Amino acid sequence: MRLNHVLIATALGAAAALPALAHHSFAAEFDVNRPIRLQGVVSRMEFSNPHSWLHITVTTDTGEVQEWKVEGGAPNALIRRGWNRNSIAAGTPVCVEGFQARDGSFRANGREVRLPDGASLFLGSTDLGAPPVGADQVFEDGTCAG
């Protein structure tokens, strides 16, 4: 009987560790030395664990259309910061500040999102290696102003 309990406990422990293995630190995937400002239109918002994702369509100055995927904090963290599933609907123009992925892809870790009415929401995660909250001065230069 004890052997069964040990096997069950081991299996449950291994299953519980799987989400942790899939999780990554900020520094492993994003570069604090590559700040980025994206102005675009929301295509969708995913509230998923361990991170939320804001998908935006960005048209560059040269007319290139880019589909960006911006990582945010976990849904519970965003809810505590004032977000909900309907905070940013598809079709909403936004300005996002964050840090680009190390591999140069159209992915970023978002810090702050500015909405058309001028309101802003903190999107950033507080993962290992992420800059501390308030360390970056967002939207100070007036670009992407609502």
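The values are calculated or read from the model by the stated rules, or taken from the named source; none is laboratory data. Being a predicted model, the structure only gives us computed values, none of them experimental. As a convention, Cβ positions derive from the backbone with ideal geometry for all residues, glycine included, and neighbour counts pool all protein chains shown.
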Exercise. If a residue has to be among the small types (Gly, Ala, Ser), surrounded by fewer than 16 Cβ atoms within 10 Å (Cβ to Cβ) and in a strand (DSSP E or B) to count, how many in segment 38-82 make the cut?
Worked result: 1
Exercise. Which numbered condition trips up GLY63, out of (1) on the phi > 0 side of the Ramachandran plot; (2) touching a residue at least 60 places away in the same chain (Cβ under 8 Å)?
Worked result: (2)
Seminar exercise, completed: Among ALA90, ALA101, the single one that is touching a strand residue (DSSP E or B) at 6+ places or on another chain (Cβ under 6 Å), touching a residue at least 40 places away in the same chain (Cβ under 8 Å) and under 14 Å from GLU29 (Cβ atoms) is ALA101
For this session: Tell me which residues, restricted to segment 83-104, are in contact with a helix residue (DSSP H, G or I) (Cβ under 9 Å, 6 or more places away or on another chain), farther than 13 Å from LEU54 by Cβ and either in a loop (DSSP other than H, G, I, E, B) or not aliphatic (A, V, I, L, M) (or both).
Result: ASN84, PHE99, ARG102, ASP103
For this session: Would you please list the contacts, defined by Cβ atoms under 6 Å and residues six or more apart or on different chains, that run from a residue in segment 15-44 that is closer than 16 Å to ARG107 by Cβ to a residue that is modelled with pLDDT of 55 or more and charged (D, E, K, R)?
Result: ASP31/ARG102; ARG37/GLU97
For this session: Name the one entry in ASP136, ASP103, ASP141 that is loosely packed, with under 14 Cβ neighbours inside 10 Å, over 13 Å from the mean Cα position of the chain (by Cα), among the acidic types (Asp, Glu) and at pLDDT below 85.
Result: ASP141
Exercise. Does VAL65 fit the bill of being farther than 19 Å from ASN109 by Cβ and modelled with pLDDT of 85 or more?
Worked result: yes
